[in-house]
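I have placed the structure first, in the form of structure tokens, so that the comments after it can refer back to it.
The values are calculated or read from the model by the stated rules, or taken from the named source; none is laboratory data. Values in this document were obtained by computation on a predicted structure and should not be read as measured data. Don't worry about glycine lacking a Cβ; one is built from the backbone with ideal geometry, like all the others, and counts go over all protein chains shown.
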Amino acid sequence: MDILVTTPKSAHQLASEEAKFVEENPDAYWFRTLRGKPNVQIGDKVYYVDNGEIRGYGIVFDIESGEMECEATGRLYNGTHLKQRKWVWLKKPIPFKGFQGFRYVNRISELQKLLEARV
């Protein structure tokens, strides 16, 4: 299932730089760490709310649990890591209020329709 997450405001600049780096480097990837075991599979999308808009998504290519270190920040994360390599920008960002945790996109039917129209 596709999910929706929020990038904290304090991480906006770093997230933009990571997305651009991954876009330009085919061997690079980034990950989003979630608590618990979300119902996400390889090939699913992780949509990102950033600065009050859904701006794009990454496609999951691997799922790993445990501890993982971010190469960009050196910070350790513990949980379920959704590794993403491909980034897709939405043609028109969708206004959406940020939140903590994650939400399944297909459970927000109005949002699903908007996403399908803007990818």
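Structure data summary
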{"read-out": "The stretch 74-102 residues that are farther than 21 Å from Gln41 by Cβ, paired with ones that are of a type in the set (Asp, Glu) and surrounded by fewer than 18 Cβ atoms within 10 Å (Cβ to Cβ) (beta carbon under 8 Å, 6 or more apart)", "value": "Arg75/Glu69; Leu76/Glu67; Leu76/Glu69; Asn78/Glu67; Pro93/Glu53; Ile94/Glu53; Pro95/Glu53; Phe96/Glu53"}
{"read-out": "Any pair with Cβ under 7 angstrom, 6 or more apart, that starts in the stretch 11-36 at a residue that is closer than 13 Å to Phe61 by Cβ and ends at one that is part of a loop (DSSP other than H, G, I, E, B) and not aliphatic (A, V, I, L, M)", "value": "Val22/Tyr29"}
{"read-out": "Search result, residues across the stretch 72-101 that are of a type in the set (D, E, K, R) and out of contact with any Phe, Trp or Tyr (no Cβ under 9 Å at 6 or more places or on another chain)", "value": "Arg75, Lys91, Lys92, Lys97"}
{"read-out": "For Gly74: the one exception among (1) of a type outside the set (D, E, K, R); (2) assigned to a strand (DSSP E or B); (3) exposed (fewer than 15 other Cβ atoms within 10 Å of the Cβ)", "value": "(2)"}
{"read-out": "Residue within the stretch 96-118 that is of a type outside the set (Phe, Trp, Tyr), within 15 Å of Trp30 (Cβ to Cβ) and at pLDDT 90 or above present", "value": "no"}
{"read-out": "Criterion violated by Phe96 - all others in (1) under 14 Å from the mean Cα position of the chain (by Cα); (2) surrounded by 18 or more Cβ atoms within 10 Å (Cβ to Cβ) satisfied", "value": "(1)"}
{"read-out": "Subset of the stretch 14-45 [among the charged types (D, E, K, R), closer than 18 Å to Ile3 by Cβ and exposed (fewer than 15 other Cβ atoms within 10 Å of the Cβ)]", "value": "Arg35, Lys37"}
{"read-out": "Yes/no for Val88 being modelled with pLDDT under 90, in a strand (DSSP E or B) and of a type in the set (Val, Ile, Thr)", "value": "yes"}
